[in-house]
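Down below is the structure, laid out as structure tokens.
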Amino acid sequence: MTDTSLATWSPRSLPSVEPLHGHRVIVRPTDVTGDADALFEATCDGGPALWDYLPYGPFADEAAFEQWLARHVADPTMLTETVVDGRSGQPVGSASYMHMEPEFGVIEIGHIFFGVSLQRTPAATEAIYLMLRHVFDDLGYRRLEWKCGAASARSVRAERFGFTYEGTFRQHRIVKGRNRGTAWFSIIDKEWPAVKASFEALLSPDNFDTNGQQIRRLSVVRSGA
């Protein structure tokens, strides 16, 4: 059966290299020379645990990190983005657009590593929101994917962002000598308006008290409570 909703479908564009501006962060393409030092400093305080479920890291020193980052950014199948703190102007994390299939309107966000100062903050939430918004609102993609090690407690909480769990690929990879099952999540275009509204309610100035503390968390906002 033909899907009539695709009657006017056309391939999408690749993600823009223009910066994505939020209230707390800017997300822009990574500049290895300008970003490597600050990214290494931001992430080295996370200790080895920061890299447990990634196929690279931790890095012995800044030079090793910069060499790896240069190879990572040069990968033509990805667009690697640096998350910049809006106040200090310093790089504090990294995320990438990957597995880009513009002919089908499918893309993934991955290779996420955030410095300690960014982890579990409204700024981190805003960085993910900006990347999602660009995919759906600016580019008109149909599907955005999030994949992670099934044993990574932080990453598998992607459902709180509005992602739908689709299953786990068992024994999908060998990472650092360990078996890795890969959990798959996605958001599709018809779900995006509700997901977007939840993000915007969470990040609204009305959701912060006079001390800058978040009043309602994303899970509460999404529940409609």
query: Which chymotrypsin sites (Phe, Trp or Tyr not before Pro) from segment 8-55 combine a DSSP loop assignment with at most 15 other Cβ atoms within 10 Å?
result: 9
statement: For segment 204-214, Karplus-derived ³J(HN,Hα) couplings (6.51, -1.76, 1.60; θ = phi - 60°; whole Hz; x for glycine and proline) come out as 4, x, 5, 9, 10, 7, 5, 9, x, 8, 5
- line: Listed by chain and number, the aspartates and glutamates with an alpha carbon less than 20 angstrom from that of residue 190, same-chain partners under 8 positions apart left out, are 3, 101, 103, 108, 137, 138, 145, 159, 166, 200
- request: Let me know the charge dipole size of the chain about its Cα centre in debye, to the nearest 20, where only the beta-carbon of Lys, Arg (+1) and Asp, Glu (-1) is charged.
  value: 900 debye
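Probe of 1.4 angstrom, ligands and nucleic acids ignored: what's the accessible area per residue over segment 81-225, in square angstrom? Present the calculation step by step, with values, prior to reporting the outcome.
On the way: 7170 Å² over 145 residues.
I get 49 Å² per residue for segment 81-225.
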message: Under 10 Å, Cα contacts only: if you run a Gaussian network model on the chain, which one of 212, 34, 89 comes out with the highest mean-square fluctuation?
response: 212
- request: Return the Cα extents of the chain along principal axes one, two and three, sorted largest first, each rounded to a whole Å.
  value: 55, 46, 34
- request: Report, by chain and number, residues whose modeled amide H sits under 5 Å from the one on residue 81, excluding near sequence neighbours (fewer than 5 apart, same chain).
  value: 30, 95, 96, 97
message: Just want to confirm a number: the relative contact order over segment 55-156, from Cα pairs under 8 angstrom separated by 6+ residues, in percent.
response: 18 percent
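What Kirkwood radius, in Å to one decimal, follows from the Cα pairs of segment 68-185?
Details: mean 1/r = 0.0652 Å⁻¹.
Kirkwood radius, segment 68-185: 15.3 Å.
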message: Computing the accessible area with a 1.4 Å probe over protein heavy atoms, can you report the carbon and sulfur percentage for segment 1-86?
response: 54 percent
Most mobile of 206, 35, 85 in a GNM of the chain (Cα contacts under 10 Å): 206
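So what's segment 7-55 giving for Rg/Rh, alpha carbon basis, Kirkwood Rh from the mean inverse pair distance?
The Rg/Rh ratio comes out at 1.15.
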- request: Using the Karplus curve 6.51 cos²θ - 1.76 cosθ + 1.60 with θ = phi - 60°, work out ³J(HN,Hα) for each residue of segment 82-90 in order, rounded to whole Hz, and write x for Gly and Pro.
  value: 9, 8, 10, 5, x, 8, 7, x, 9
- line: Filtered hits (lysines, Cα-Cα < 29 Å from residue 176, offset >= 8 within chain) -> 147
message: Pairs of alpha-carbon atoms within less than 8 angstrom and 6+ residues apart define the contacts here; what relative contact order does segment 104-198 have, in percent?
response: 28 percent
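Over all directions, how big on average is the projection of the convex hull of the alpha-carbon atoms in segment 63-131, in square nanometres? Don't skip to the end; give the middle numbers.
Details: hull surface 21.4 nm².
Spelled out: convex hull of the Cα atoms, projected over all directions, averaged, 5.3 nm².
Please report the projected area of segment 1-96's Cα convex hull averaged over all directions, in nm².
The Cα convex hull of segment 1-96, projected and averaged over all directions, gives 9.2 nm².
The values are calculated or read from the model by the stated rules, or taken from the named source; none is laboratory data. These figures come from a predicted structure and were not determined experimentally. As a convention, Cβ positions derive from the backbone with ideal geometry for all residues, glycine included, and neighbour counts pool all protein chains shown. Surface accessibility is based on the protein's heavy atoms, side chains included, excluding ligands, DNA and RNA. Shrake-Rupley method; radii C 1.70, N 1.55, O 1.52, S 1.80 Å.
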